[in-house]
1. Leaving out same-chain residues fewer than 8 places away, which aspartates and glutamates sit with a Cα under 19 Å from that of LYS215?
2. Straight-line reach only, C-alpha to C-alpha below 18 angstrom: list the aspartates and glutamates that LYS126 could link to, leaving out same-chain residues fewer than 8 apart.
3. Under the Karplus relation 6.51 cos²θ - 1.76 cosθ + 1.60, θ = phi - 60°, what is the ordered set of whole-Hz ³J(HN,Hα) values for the stretch 63-77, x standing for Gly and Pro?
4. Could you calculate the FRET efficiency of HIS18 with GLU322 from 1/(1 + (r/R0)^6), where r is the beta carbon distance between them and R0 is 35 Å, rounded to 0.05?
5. Within 10 Å, at most 11 other Cβ atoms, and a DSSP state outside H, G, I, E, B define an exposed site. Report the longest part of the chain free of exposed chymotrypsin sites (Phe, Trp or Tyr not before Pro).
6. At a 1.4 Å probe, what is the % contribution of carbon and sulfur to the accessible area of the chain?
7. Can you tell which of GLY254, PRO144, ILE155 lies farthest toward the positive end of the dipole of the chain, using +1 and -1 charges on the Cβ of basic and acidic side chains (Lys, Arg; Asp, Glu)?
8. Sequence-distant or interchain residues sharing an amide H contact under 5 Å with GLU318, placed H: which?
Amino acid sequence: MGSAEDVVVANKKVLLKHFIPAGAPKETDMELVTTGTIRLRVPEGSTALILKNLYLSCDPYMRSRMTKHEGASYVDDFVPGEPIAGFGVGKVVDSSHPGFKIGDYAWGMTGWEEYSLITDPKLLFKIHHTEVPLSYYTGILGMPGLTAYAGFYDICSPKKGERVFISAASGAVGQLVGQFAKQLGCYVVGSAGSDEKVNLLKTKFGFDEAFNYKKEPDLTKTLKRYFPDGIDIYFENVGGSMLEAVLYNMRLKGRIAACGMISQYNLEIPEGVRNLFLIIGKRIRMEGFLVFDHYGSYLEFEEKVVQLIKEEKIKYVEDIVEGLENAPVALVGLFEGRNVGKQLVAVAHE
């Protein structure tokens, strides 16, 4: 805890201009506002804190929050005219919360702005390891890392020697799932959307095989080629035709961790999967999960993965865009496959 100077500073923000009914998001759906200010003191009597945002994370789930939902979703819709919200890393510049003091670093849900007043700090984690790059807490040591860890170990119940397939494998989550699987002694194949990403999977991340799904006219045959004896574990990030092809190639009692389905996020009418009956005959277990349900495992996860990073037993690739003004183009690029590795925005360097 502590007290900051009572000053007012400029506070640039990226706002959502309006809800997007269907289709890919565009830069023009967002607006950079440079006229705002913020008082760098928390309100009297609160348990709030103020973060100076350093890094902001671009994640596929954010597309869903740009659409108006009639029913309840697992995460709230954005509010048009308000700053976009997402995971980020920041430095505490004032705090009346007992868990954070001025100068601490934290990651969690924040605003797409230079400074954020966080009134509900239970959505923040204090950063314990500043000897690794702080940007890692938008990815390998943040939400995507915990997603990969919990999804693979808790949902998939993996065993040494099993055959593992990961879609969108070069992204923030997929690159880590593949490495966790290799460390366990699994056979690992990933799909990605460019030859550059395929090469990254095989040379940087140590996948046994990888393929460019855009060059494969028949995904069912492609998976049969890489998994002649079938797939034990599928880490699902794509959905649609990829899921359909996977079901044909799953082994008896295979497991599917449903993490995301990026191929469906921009569609007005989601695609159907025509062969779901295979789940019955093959006794497949398919389970969706949310990272929020696994926050209780975070400290254990952080210590394990920091050690892997220090021992250089895990590789990680970031795609960093400089400047809050470039955040919209970075987010839009996710849905066009422009990023290589974890997409994030550097707002400030201390």
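The values are calculated or read from the model by the stated rules, or taken from the named source; none is laboratory data. Note that this is a predicted model, so its numbers are computed, not measured. Here the Cβ is made from the backbone with ideal geometry for all residues, glycine too, and neighbour counts use every protein chain on show. Only protein heavy atoms, including side chains, enter the accessible area calculation; ligands, DNA and RNA are left aside. Shrake-Rupley method; radii C 1.70, N 1.55, O 1.52, S 1.80 Å.
1. Within reach: ASP195, GLU196, GLU244, GLU336.
2. Correct list for LYS126: ASP94, ASP104, GLU300, GLU302, GLU303, GLU350.
3. Computed from phi, the couplings for the stretch 63-77 are 4, 4, 6, 8, 10, 6, 9, 6, x, 6, 10, 6, 9, 5, 5 Hz.
4. 0.85
5. Numbers: sites that count: TYR74, PHE277.
Between the exposed loop sites, the longest stretch runs 75-276.
6. Working: 8080 of 15290 Å².
Result for the chain: 53 percent of the exposed heavy-atom area is carbon or sulfur.
7. GLY254
8. LYS342
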